[in-house]
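Below is one structure; the comments refer to it alone.
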Amino acid sequence: MALKGNLRDFSITQLLNLINLAHKTGLLRIRGPKSEAAAYFRQGKLAYAALSDQPNDLASLLYREKKLTAGQYRAIRAHHQRLSDTALGLLLVNAGYFTQGEILAVVQSAYVDVIKRLFTWVDGHFEFHSNAPFPKGRIPTRVSLENLIIEGSRQMREWELLQNEIPDLDMALKFADRPDVNLKHLNLSVEEWRVVSYINPKNTIRQIARATKMNDLEIRRIVYGLLQAGLVELVRPANKSMPKPIHTALEGKTKEDQRSLVNRLIARIRGL
Amino acid sequence: MQTVKIVVTGPFSAGKTAFIQTVSEIDVVETERKITNESEKIKETTTVAMDFGRITIDEDLVLYLFGTPGQRRFDFMWEILSEGMLGFIVLVDSTRPETFREARRILETFRAYAPTPYVVAANKQDLPEAWEPEDMRIALRLSPRVKLLPCVATDKESVKKVLLELLYSILEEINHD
(Lines give C-alpha, C1' and ligand atoms only; values in the text may rest on other atoms or scores of the structure.)
Protein backbone atom coordinates (compact mmCIF):
# COMPACT_ATOMS: atom_id res chain seq x y z
CA MET A 1 0.00 0.00 0.00
CA ALA A 2 1.03 3.57 -0.56
CA LEU A 3 3.07 5.64 1.80
CA LYS A 4 2.89 9.07 0.30
CA GLY A 5 2.07 12.62 1.21
CA ASN A 6 3.63 16.04 1.53
CA LEU A 7 6.38 17.23 3.87
CA ARG A 8 4.10 20.15 4.77
CA ASP A 9 1.91 17.68 6.61
CA PHE A 10 4.41 14.99 7.56
CA SER A 11 7.94 16.27 8.17
CA ILE A 12 11.12 14.55 7.03
CA THR A 13 11.94 13.80 10.69
CA GLN A 14 8.59 12.07 11.13
CA LEU A 15 9.09 10.20 7.87
CA LEU A 16 12.56 8.93 8.85
CA ASN A 17 11.21 8.02 12.26
CA LEU A 18 8.49 5.94 10.62
CA ILE A 19 10.99 4.20 8.30
CA ASN A 20 13.26 3.52 11.26
CA LEU A 21 10.59 2.21 13.64
CA ALA A 22 8.85 0.10 11.00
CA HIS A 23 12.22 -1.28 9.71
CA LYS A 24 11.16 -0.44 6.19
CA THR A 25 12.96 -1.50 3.02
CA GLY A 26 12.39 0.50 -0.15
CA LEU A 27 12.94 3.66 -2.12
CA LEU A 28 11.84 7.07 -0.86
CA ARG A 29 11.38 9.72 -3.54
CA ILE A 30 10.77 13.36 -2.64
CA ARG A 31 9.94 16.06 -5.18
CA GLY A 32 11.09 19.28 -3.57
CA PRO A 33 10.52 22.79 -4.88
CA LYS A 34 13.93 22.93 -6.59
CA SER A 35 15.21 19.38 -6.89
CA GLU A 36 14.31 15.76 -6.32
CA ALA A 37 15.74 13.39 -3.76
CA ALA A 38 15.95 9.61 -3.77
CA ALA A 39 16.92 7.58 -0.72
CA TYR A 40 16.99 3.83 -0.30
CA PHE A 41 16.50 2.12 3.04
CA ARG A 42 17.13 -1.48 4.08
CA GLN A 43 15.46 -2.68 7.27
CA GLY A 44 15.13 0.92 8.40
CA LYS A 45 18.78 1.83 7.73
CA LEU A 46 19.98 4.32 5.13
CA ALA A 47 21.53 2.48 2.19
CA TYR A 48 21.69 5.20 -0.46
CA ALA A 49 20.72 8.83 -1.06
CA ALA A 50 21.08 11.31 -3.90
CA LEU A 51 19.80 14.67 -5.05
CA SER A 52 18.92 15.42 -8.66
CA ASP A 53 20.71 18.78 -8.66
CA GLN A 54 24.18 17.50 -7.80
CA PRO A 55 26.42 14.80 -9.30
CA ASN A 56 26.25 11.69 -7.16
CA ASP A 57 28.42 9.16 -8.94
CA LEU A 58 31.41 7.78 -7.02
CA ALA A 59 34.04 9.73 -8.98
CA SER A 60 32.23 13.03 -8.33
CA LEU A 61 31.86 12.21 -4.62
CA LEU A 62 35.58 11.41 -4.30
CA TYR A 63 36.49 14.60 -6.14
CA ARG A 64 34.15 16.69 -4.01
CA GLU A 65 35.77 15.25 -0.89
CA LYS A 66 39.20 16.14 -2.34
CA LYS A 67 40.21 12.48 -2.46
CA LEU A 68 40.90 12.83 -6.18
CA THR A 69 42.84 15.56 -7.97
CA ALA A 70 41.20 17.36 -10.89
CA GLY A 71 43.45 15.39 -13.25
CA GLN A 72 42.53 12.03 -11.72
CA TYR A 73 38.86 12.98 -11.84
CA ARG A 74 39.10 13.94 -15.52
CA ALA A 75 40.95 10.71 -16.30
CA ILE A 76 38.28 8.58 -14.61
CA ARG A 77 35.55 10.49 -16.42
CA ALA A 78 37.35 9.98 -19.71
CA HIS A 79 38.23 6.30 -19.36
CA HIS A 80 35.73 4.79 -16.94
CA GLN A 81 32.57 6.81 -17.43
CA ARG A 82 30.51 3.71 -18.13
CA LEU A 83 31.59 1.92 -14.97
CA SER A 84 29.06 1.64 -12.19
CA ASP A 85 30.00 2.94 -8.73
CA THR A 86 30.54 -0.58 -7.43
CA ALA A 87 32.76 -1.48 -10.39
CA LEU A 88 34.75 1.76 -10.11
CA GLY A 89 35.09 1.29 -6.36
CA LEU A 90 36.50 -2.22 -6.86
CA LEU A 91 38.88 -0.94 -9.52
CA LEU A 92 40.21 1.83 -7.27
CA VAL A 93 40.58 -0.54 -4.30
CA ASN A 94 42.31 -3.22 -6.41
CA ALA A 95 44.60 -0.60 -7.93
CA GLY A 96 45.61 0.43 -4.41
CA TYR A 97 44.33 4.02 -4.59
CA PHE A 98 41.87 3.58 -1.74
CA THR A 99 40.90 1.05 0.87
CA GLN A 100 37.38 -0.28 0.91
CA GLY A 101 36.82 1.58 4.18
CA GLU A 102 37.83 4.92 2.63
CA ILE A 103 35.43 4.47 -0.28
CA LEU A 104 32.61 3.51 2.07
CA ALA A 105 33.33 6.50 4.34
CA VAL A 106 33.08 8.95 1.42
CA VAL A 107 29.90 7.37 0.12
CA GLN A 108 28.33 7.25 3.56
CA SER A 109 29.21 10.88 4.24
CA ALA A 110 27.64 11.93 0.91
CA TYR A 111 24.43 10.00 1.60
CA VAL A 112 24.18 11.49 5.08
CA ASP A 113 24.69 15.00 3.66
CA VAL A 114 21.75 14.43 1.33
CA ILE A 115 19.54 13.49 4.27
CA LYS A 116 20.74 16.54 6.22
CA ARG A 117 19.76 18.74 3.31
CA LEU A 118 16.33 17.20 3.33
CA PHE A 119 15.84 18.53 6.85
CA THR A 120 15.65 22.02 5.37
CA TRP A 121 12.79 21.01 3.08
CA VAL A 122 9.42 21.96 4.47
CA ASP A 123 7.51 21.29 1.29
CA GLY A 124 7.69 18.40 -1.16
CA HIS A 125 5.63 15.44 -2.30
CA PHE A 126 7.03 12.13 -1.06
CA GLU A 127 6.39 8.52 -2.02
CA PHE A 128 7.84 5.39 -0.49
CA HIS A 129 8.04 2.39 -2.80
CA SER A 130 8.30 -0.73 -0.67
CA ASN A 131 9.11 -3.14 -3.46
CA ALA A 132 11.56 -1.02 -5.44
CA PRO A 133 14.95 -2.60 -6.13
CA PHE A 134 18.15 -1.05 -4.82
CA PRO A 135 19.50 1.51 -7.36
CA LYS A 136 21.62 -0.41 -9.84
CA GLY A 137 25.38 -0.06 -9.54
CA ARG A 138 25.32 2.12 -6.42
CA ILE A 139 27.35 1.31 -3.32
CA PRO A 140 25.10 0.38 -0.40
CA THR A 141 25.74 1.58 3.16
CA ARG A 142 24.06 0.78 6.43
CA VAL A 143 23.59 3.98 8.43
CA SER A 144 21.36 3.99 11.50
CA LEU A 145 18.73 6.69 11.33
CA GLU A 146 18.57 7.49 15.04
CA ASN A 147 21.52 9.90 15.00
CA LEU A 148 20.33 11.51 11.80
CA ILE A 149 16.88 12.01 13.27
CA ILE A 150 18.39 13.59 16.38
CA GLU A 151 20.55 15.88 14.27
CA GLY A 152 17.61 16.77 12.06
CA SER A 153 15.59 17.53 15.14
CA ARG A 154 18.27 19.96 16.29
CA GLN A 155 17.90 21.79 13.01
CA MET A 156 14.23 22.01 13.69
CA ARG A 157 14.84 23.82 16.96
CA GLU A 158 13.61 27.02 15.43
CA TRP A 159 10.33 25.28 14.77
CA GLU A 160 10.19 23.99 18.32
CA LEU A 161 11.04 27.40 19.74
CA LEU A 162 8.24 28.90 17.72
CA GLN A 163 5.88 26.18 18.84
CA ASN A 164 6.79 26.82 22.46
CA GLU A 165 6.31 30.54 22.06
CA ILE A 166 3.04 30.16 20.15
CA PRO A 167 1.73 26.70 21.08
CA ASP A 168 -1.88 27.34 20.20
CA LEU A 169 -2.81 28.63 16.77
CA ASP A 170 -6.39 28.93 17.96
CA MET A 171 -5.44 31.99 19.97
CA ALA A 172 -6.21 35.40 18.52
CA LEU A 173 -4.13 38.59 18.28
CA LYS A 174 -4.83 42.17 19.22
CA PHE A 175 -2.73 45.25 18.74
CA ALA A 176 -0.78 46.19 21.85
CA ASP A 177 -1.84 49.38 23.52
CA ARG A 178 1.11 51.47 22.39
CA PRO A 179 0.02 54.89 21.18
CA ASP A 180 3.66 55.83 20.54
CA VAL A 181 3.95 53.32 17.69
CA ASN A 182 2.56 54.17 14.29
CA LEU A 183 2.39 51.05 12.12
CA LYS A 184 2.78 53.15 8.98
CA HIS A 185 6.30 54.06 10.03
CA LEU A 186 7.37 50.47 10.55
CA ASN A 187 9.44 48.62 8.00
CA LEU A 188 7.27 45.53 7.61
CA SER A 189 7.55 42.94 4.83
CA VAL A 190 4.67 42.24 2.46
CA GLU A 191 3.90 39.02 4.38
CA GLU A 192 3.90 40.87 7.70
CA TRP A 193 1.53 43.48 6.33
CA ARG A 194 -0.79 40.76 5.12
CA VAL A 195 -0.91 39.26 8.61
CA VAL A 196 -1.30 42.67 10.26
CA SER A 197 -4.31 43.40 8.07
CA TYR A 198 -6.15 40.44 9.62
CA ILE A 199 -5.32 41.15 13.27
CA ASN A 200 -8.53 41.23 15.25
CA PRO A 201 -9.49 39.47 18.51
CA LYS A 202 -12.16 37.58 16.55
CA ASN A 203 -9.65 36.01 14.13
CA THR A 204 -7.55 33.10 15.36
CA ILE A 205 -3.96 32.80 14.15
CA ARG A 206 -5.00 29.67 12.28
CA GLN A 207 -7.70 31.59 10.44
CA ILE A 208 -5.19 34.31 9.55
CA ALA A 209 -2.80 31.64 8.24
CA ARG A 210 -5.54 30.19 6.10
CA ALA A 211 -6.56 33.58 4.77
CA THR A 212 -2.97 34.50 3.92
CA LYS A 213 -2.17 30.99 2.61
CA MET A 214 0.72 30.52 5.05
CA ASN A 215 1.77 27.25 6.64
CA ASP A 216 2.13 26.82 10.41
CA LEU A 217 5.83 27.64 10.38
CA GLU A 218 5.45 30.79 8.30
CA ILE A 219 2.60 32.21 10.37
CA ARG A 220 4.41 31.40 13.64
CA ARG A 221 7.55 33.16 12.39
CA ILE A 222 5.66 36.33 11.58
CA VAL A 223 3.52 36.34 14.71
CA TYR A 224 6.64 35.70 16.82
CA GLY A 225 8.33 38.70 15.22
CA LEU A 226 5.32 40.92 15.86
CA LEU A 227 5.10 39.68 19.45
CA GLN A 228 8.81 40.26 20.07
CA ALA A 229 8.49 43.77 18.66
CA GLY A 230 5.69 44.39 21.15
CA LEU A 231 3.23 45.26 18.40
CA VAL A 232 0.67 42.59 19.20
CA GLU A 233 -0.56 40.53 22.14
CA LEU A 234 -1.99 37.02 22.27
CA VAL A 235 -5.59 36.87 23.45
CA ARG A 236 -8.16 34.13 23.80
CA PRO A 237 -10.67 34.49 20.94
CA ALA A 238 -13.83 36.24 22.04
CA ASN A 239 -16.02 33.22 21.24
CA LYS A 240 -13.79 30.50 22.73
CA SER A 241 -14.60 28.95 26.10
CA MET A 242 -12.65 26.39 28.13
CA PRO A 243 -13.85 22.82 27.72
CA LYS A 244 -15.58 21.50 30.79
CA PRO A 245 -15.59 17.83 31.76
CA ILE A 246 -18.65 15.94 30.58
CA HIS A 247 -20.53 13.03 32.10
CA THR A 248 -20.44 9.56 30.60
CA ALA A 249 -23.42 7.29 30.08
CA LEU A 250 -22.28 4.68 32.60
CA GLU A 251 -21.83 6.99 35.57
CA GLY A 252 -24.03 6.17 38.55
CA LYS A 253 -24.76 2.60 37.44
CA THR A 254 -23.64 -0.55 39.26
CA LYS A 255 -20.90 -2.64 37.63
CA GLU A 256 -23.41 -5.35 36.90
CA ASP A 257 -25.77 -2.93 35.16
CA GLN A 258 -22.88 -1.47 33.17
CA ARG A 259 -21.74 -4.91 32.03
CA SER A 260 -25.27 -5.96 31.17
CA LEU A 261 -25.84 -2.85 29.08
CA VAL A 262 -22.61 -3.24 27.12
CA ASN A 263 -23.20 -6.98 26.58
CA ARG A 264 -26.64 -6.23 25.14
CA LEU A 265 -25.06 -3.76 22.74
CA ILE A 266 -22.40 -6.29 21.71
CA ALA A 267 -24.98 -9.02 21.08
CA ARG A 268 -27.08 -6.71 18.92
CA ILE A 269 -24.19 -5.34 16.86
CA ARG A 270 -22.91 -8.88 16.22
CA GLY A 271 -26.35 -9.82 14.90
CA LEU A 272 -26.66 -6.87 12.50
CA MET B 1 -36.76 3.57 27.05
CA GLN B 2 -33.05 3.97 27.71
CA THR B 3 -30.78 5.57 25.11
CA VAL B 4 -27.00 5.48 24.85
CA LYS B 5 -24.73 7.06 22.30
CA ILE B 6 -21.42 6.59 20.58
CA VAL B 7 -19.75 9.56 18.90
CA VAL B 8 -18.05 9.17 15.52
CA THR B 9 -15.53 11.92 15.01
CA GLY B 10 -12.59 12.66 12.73
CA PRO B 11 -11.26 15.23 10.30
CA PHE B 12 -13.12 16.66 7.35
CA SER B 13 -13.98 14.01 4.71
CA ALA B 14 -12.87 11.07 6.87
CA GLY B 15 -16.06 9.16 6.06
CA LYS B 16 -18.09 9.72 9.24
CA THR B 17 -21.44 10.09 7.49
CA ALA B 18 -20.88 6.92 5.43
CA PHE B 19 -19.82 5.02 8.56
CA ILE B 20 -23.07 5.84 10.37
CA GLN B 21 -25.20 5.31 7.28
CA THR B 22 -23.84 1.79 6.84
CA VAL B 23 -25.23 0.43 10.12
CA SER B 24 -28.09 2.77 10.97
CA GLU B 25 -31.56 1.26 10.78
CA ILE B 26 -33.06 4.62 9.94
CA ASP B 27 -32.05 6.96 7.16
CA VAL B 28 -29.36 9.05 8.71
CA VAL B 29 -30.57 12.48 9.69
CA GLU B 30 -28.03 14.42 7.69
CA THR B 31 -27.28 18.08 8.04
CA GLU B 32 -25.19 18.52 4.94
CA ARG B 33 -24.56 21.67 2.99
CA LYS B 34 -22.70 22.45 -0.21
CA ILE B 35 -19.08 23.33 0.46
CA THR B 36 -18.22 26.94 -0.21
CA ASN B 37 -14.57 26.96 0.88
CA GLU B 38 -12.39 26.20 -2.18
CA SER B 39 -9.62 24.60 -0.11
CA GLU B 40 -12.06 22.08 1.35
CA LYS B 41 -13.74 21.28 -1.95
CA ILE B 42 -12.66 17.68 -2.24
CA LYS B 43 -16.31 16.67 -1.92
CA GLU B 44 -19.53 18.39 -2.80
CA THR B 45 -21.23 18.54 0.60
CA THR B 46 -20.21 18.35 4.24
CA THR B 47 -21.86 17.85 7.60
CA VAL B 48 -22.50 21.16 9.32
CA ALA B 49 -24.35 20.12 12.48
CA MET B 50 -24.29 16.39 13.12
CA ASP B 51 -25.25 13.08 11.58
CA PHE B 52 -27.58 10.98 13.53
CA GLY B 53 -28.12 7.22 13.17
CA ARG B 54 -30.01 4.71 15.30
CA ILE B 55 -29.73 1.02 16.17
CA THR B 56 -32.52 -0.50 18.29
CA ILE B 57 -30.86 -2.87 20.77
CA ASP B 58 -34.00 -4.32 22.35
CA GLU B 59 -37.41 -3.14 23.50
CA ASP B 60 -35.98 -0.78 26.07
CA LEU B 61 -32.52 0.18 24.81
CA VAL B 62 -31.54 2.26 21.77
CA LEU B 63 -28.04 3.11 20.56
CA TYR B 64 -27.55 6.42 18.77
CA LEU B 65 -24.56 7.14 16.62
CA PHE B 66 -23.63 10.80 16.37
CA GLY B 67 -21.23 12.09 13.74
CA THR B 68 -19.45 15.35 14.44
CA PRO B 69 -19.06 18.02 11.78
CA GLY B 70 -15.69 17.73 10.09
CA GLN B 71 -14.90 21.39 9.58
CA ARG B 72 -13.11 23.28 12.33
CA ARG B 73 -15.56 26.12 12.54
CA PHE B 74 -18.08 23.72 14.07
CA ASP B 75 -15.73 22.61 16.86
CA PHE B 76 -18.00 24.22 19.43
CA MET B 77 -20.49 21.38 18.86
CA TRP B 78 -18.12 18.68 20.04
CA GLU B 79 -18.66 19.38 23.71
CA ILE B 80 -22.43 19.15 23.30
CA LEU B 81 -22.19 15.92 21.30
CA SER B 82 -19.79 14.32 23.79
CA GLU B 83 -22.12 14.73 26.75
CA GLY B 84 -23.20 11.29 27.95
CA MET B 85 -21.37 9.23 25.33
CA LEU B 86 -20.30 5.64 26.00
CA GLY B 87 -17.18 6.05 23.96
CA PHE B 88 -15.99 7.49 20.68
CA ILE B 89 -14.51 6.46 17.35
CA VAL B 90 -11.92 8.60 15.59
CA LEU B 91 -12.20 7.99 11.87
CA VAL B 92 -9.15 8.88 9.79
CA ASP B 93 -8.90 8.90 5.99
CA SER B 94 -5.95 6.57 5.32
CA THR B 95 -5.33 8.19 1.94
CA ARG B 96 -4.89 11.76 3.24
CA PRO B 97 -1.83 12.16 5.48
CA GLU B 98 -2.44 15.90 5.50
CA THR B 99 -5.36 15.21 7.87
CA PHE B 100 -3.36 13.12 10.38
CA ARG B 101 -2.32 16.15 12.45
CA GLU B 102 -5.94 17.28 12.61
CA ALA B 103 -6.95 13.74 13.66
CA ARG B 104 -4.49 13.93 16.56
CA ARG B 105 -5.89 17.28 17.62
CA ILE B 106 -9.45 15.93 17.55
CA LEU B 107 -8.41 12.86 19.51
CA GLU B 108 -6.71 14.95 22.18
CA THR B 109 -9.67 17.31 22.42
CA PHE B 110 -12.14 14.48 22.89
CA ARG B 111 -9.92 12.81 25.46
CA ALA B 112 -9.88 16.09 27.35
CA TYR B 113 -13.66 16.18 27.37
CA ALA B 114 -14.24 12.71 28.78
CA PRO B 115 -12.19 9.73 30.00
CA THR B 116 -14.25 7.34 27.89
CA PRO B 117 -12.76 4.50 25.83
CA TYR B 118 -12.10 5.11 22.16
CA VAL B 119 -10.75 3.39 19.07
CA VAL B 120 -9.16 4.82 15.94
CA ALA B 121 -10.41 3.53 12.59
CA ALA B 122 -8.17 3.81 9.52
CA ASN B 123 -10.84 4.34 6.88
CA LYS B 124 -10.69 3.87 3.08
CA GLN B 125 -8.36 0.90 3.41
CA ASP B 126 -9.80 -0.44 0.16
CA LEU B 127 -8.15 2.34 -1.84
CA PRO B 128 -4.69 1.87 -3.37
CA GLU B 129 -3.53 5.19 -1.92
CA ALA B 130 -4.21 4.07 1.66
CA TRP B 131 -1.41 4.10 4.21
CA GLU B 132 -0.79 0.88 6.15
CA PRO B 133 -2.50 0.99 9.57
CA GLU B 134 0.81 0.38 11.35
CA ASP B 135 2.41 3.29 9.46
CA MET B 136 -0.55 5.39 10.52
CA ARG B 137 -0.05 4.35 14.14
CA ILE B 138 3.45 5.84 14.03
CA ALA B 139 2.28 8.92 12.13
CA LEU B 140 -0.59 9.51 14.55
CA ARG B 141 1.71 8.79 17.51
CA LEU B 142 -0.71 6.26 18.96
CA SER B 143 0.60 4.03 21.70
CA PRO B 144 0.46 0.26 21.10
CA ARG B 145 -2.39 0.10 23.64
CA VAL B 146 -4.71 2.15 21.44
CA LYS B 147 -6.78 0.05 19.04
CA LEU B 148 -6.17 1.14 15.46
CA LEU B 149 -8.50 -0.76 13.16
CA PRO B 150 -8.48 -1.01 9.37
CA CYS B 151 -11.88 0.08 8.10
CA VAL B 152 -14.02 0.59 5.03
CA ALA B 153 -16.90 2.79 6.15
CA THR B 154 -19.21 1.59 3.37
CA ASP B 155 -18.76 -2.07 4.35
CA LYS B 156 -21.15 -3.28 7.06
CA GLU B 157 -18.90 -6.00 8.48
CA SER B 158 -16.02 -3.56 8.71
CA VAL B 159 -18.14 -0.97 10.54
CA LYS B 160 -19.53 -3.67 12.87
CA LYS B 161 -15.97 -4.73 13.74
CA VAL B 162 -15.02 -1.16 14.70
CA LEU B 163 -18.15 -0.75 16.85
CA LEU B 164 -17.57 -4.13 18.52
CA GLU B 165 -13.93 -3.34 19.28
CA LEU B 166 -15.02 -0.12 20.95
CA LEU B 167 -17.63 -2.01 22.99
CA TYR B 168 -15.03 -4.63 24.00
CA SER B 169 -12.79 -1.78 25.21
CA ILE B 170 -15.68 -0.34 27.22
CA LEU B 171 -16.33 -3.76 28.74
CA GLU B 172 -12.63 -4.19 29.59
CA GLU B 173 -12.60 -0.85 31.32
CA ILE B 174 -15.65 -1.76 33.40
CA ASN B 175 -13.99 -5.03 34.42
CA HIS B 176 -10.71 -3.30 35.30
CA ASP B 177 -12.20 -0.49 37.38
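The values are calculated or read from the model by the stated rules, or taken from the named source; none is laboratory data. This is a predicted model, so every value here is computed, not measured. We place every Cβ from the backbone using ideal geometry, glycine too, and count neighbours over all the protein chains shown. Only protein heavy atoms, including side chains, enter the accessible area calculation; ligands, DNA and RNA are left aside. Shrake-Rupley method; radii C 1.70, N 1.55, O 1.52, S 1.80 Å.
Can you give the extra length, in nm with one decimal, that the chain gains between A:Arg82 and A:Leu272 once fully stretched, where that is 0.36 nm per residue apart less the Cα-Cα distance? Please list the in-between numbers first.
On the way: separation 190, 0.36 × 190 = 68.40 nm, distance 6.57 nm.
Taking 0.36 nm per residue and subtracting the Cα distance, the gain is 61.8 nm.
Can you classify the range B:77-161 as rounded, prolate or oblate using the Cα gyration tensor, where a ≥ b ≥ c are the square roots of its eigenvalues, rounded means a/c under 1.5, and otherwise it's prolate if a/b beats b/c and oblate if not?
Details: a/c = 1.84, a/b = 1.43, b/c = 1.28.
Prolate shape, in that a/c is at least 1.5 and a/b is the bigger ratio.
Can you give the Kirkwood hydrodynamic radius for the range A:164-235, in Å, rounded to one decimal and based on Cα pairs?
On the way: mean 1/r = 0.0824 Å⁻¹.
Kirkwood hydrodynamic radius for the range A:164-235: 12.1 Å.
Filter A:Lys213/B:Lys16; A:Lys213/B:Lys124; A:Lys24/B:Lys161; A:Lys24/A:Lys66; A:Lys45/B:Lys147; B:Lys16/B:Lys160 down to the pairs with a C-alpha to C-alpha distance above 22 Å, please.
Long pairs (Cα-Cα over 22 Å): A:Lys213/B:Lys16; A:Lys213/B:Lys124; A:Lys24/B:Lys161; A:Lys24/A:Lys66; A:Lys45/B:Lys147.
Mean separation of Cα pairs under 8 Å and 6+ residues apart, divided by the residue count of the range A:1-85: what relative contact order is that in percent? Numbers along the way, then the final one.
On the way: 78 pairs, mean separation 13.9, N = 85.
Computed over the range A:1-85, the figure is 16 percent.
With contacts defined as alpha carbon pairs under 8 Å and 6 or more residues apart, what's the relative contact order of the range A:3-155 in percent?
Values: 221 pairs, mean separation 60.8, N = 153.
Answer for the range A:3-155 is 40 percent.
Return the ratio Rg/(2.2 N^0.38 Å) for the protein assembly as shown, where Rg is computed over Cα atoms only. Don't skip to the end; give the middle numbers.
Numbers: Rg = 27.1 Å, N = 449, 2.2 N^0.38 = 22.4 Å.
Expressed relative to 2.2 N^0.38 Å, the Cα Rg reads 1.21.
Using just the alpha carbons, could you tell me how many Å³ per residue the convex hull of the range A:74-141 encloses? Could you put the intermediate results ahead of the total?
Details: hull volume 8.9 nm³, N = 68.
In the range A:74-141, the Cα hull volume divided by residue count equals 131 Å³.
Between A:Glu158, A:Glu127, A:Glu256, find the one with the highest GNM mean-square fluctuation for chain A; connect C-alpha pairs within less than 10 Å.
Greatest mean-square fluctuation among the candidates belongs to A:Glu256.
Report, in degrees rounded to the nearest 10, the 0 to 90 angle that the Cα long axis of helix A:216-228 makes with the longest principal axis of chain A.
60
Taking K and R as +1 and D and E as -1, what net charge do the other residues with C-beta under 11 Å from the C-beta of B:Gly84 add up to? Show your work: numbers first, answer last.
On the way: positive: B:Lys5; negative: A:Glu251, B:Glu83.
So the environment of B:Gly84 carries a net charge of -1.
Roughly how many whole Å is it from the C-alpha centroid of the range B:84-151 to that of the range A:1-59?
What the calculation gives is 25 Å, centre to centre.
Using a 1.4 Å probe and counting only protein heavy atoms, how much accessible surface gets buried when A and B come together, both sides summed, in Å² to the nearest 100?
Details: alone 17280 and 9430 Å², together 22550 Å².
Roughly 4200 Å² of accessible surface disappears when A and B pair.
Using just the Cα positions, wrap the range A:3-155 in a convex hull and report its mean projected area in square nanometres, one decimal place. Numbers along the way, then the final one.
On the way: hull surface 36.1 nm².
About 9.0 nm², averaged over all directions.
With all protein chains present, how much of the accessible area of the protein assembly as shown (probe radius 1.4 Å) comes from carbon and sulfur, to the nearest whole percent? Mind showing how you got there, number by number?
On the way: 11440 of 22550 Å².
The value for the protein assembly as shown is 51 percent carbon and sulfur by accessible area.
Out of A:Ala39, A:Ala95, A:Ala172, any idea which swings most in a Gaussian network model of chain A, alpha carbons joined below 10 Å?
A:Ala95
For chain A, set up a Gaussian network in which alpha carbons nearer than 10 Å are linked by springs, and say which option among A:Ala38, A:Ala49, A:Ala22 fluctuates the most.
Highest fluctuation among the options: A:Ala22.
With an 8 Å cut-off on Cα pairs and a minimum separation of 6 or more residues, tell me the relative contact order of chain A in percent.
Averaging sequence separation for qualifying contacts and normalising by length gives 21 percent for chain A.
Summing -39500 (n - 2.57) over the DSSP H runs of n ≥ 4 in chain A and dividing by its residue number, what mean residue ellipticity at 222 nm do you reach, to the nearest 500 deg cm²/dmol?
Numbers: 11 runs with 119 residues, N = 272.
Only helices count here, giving -13000 deg cm²/dmol.
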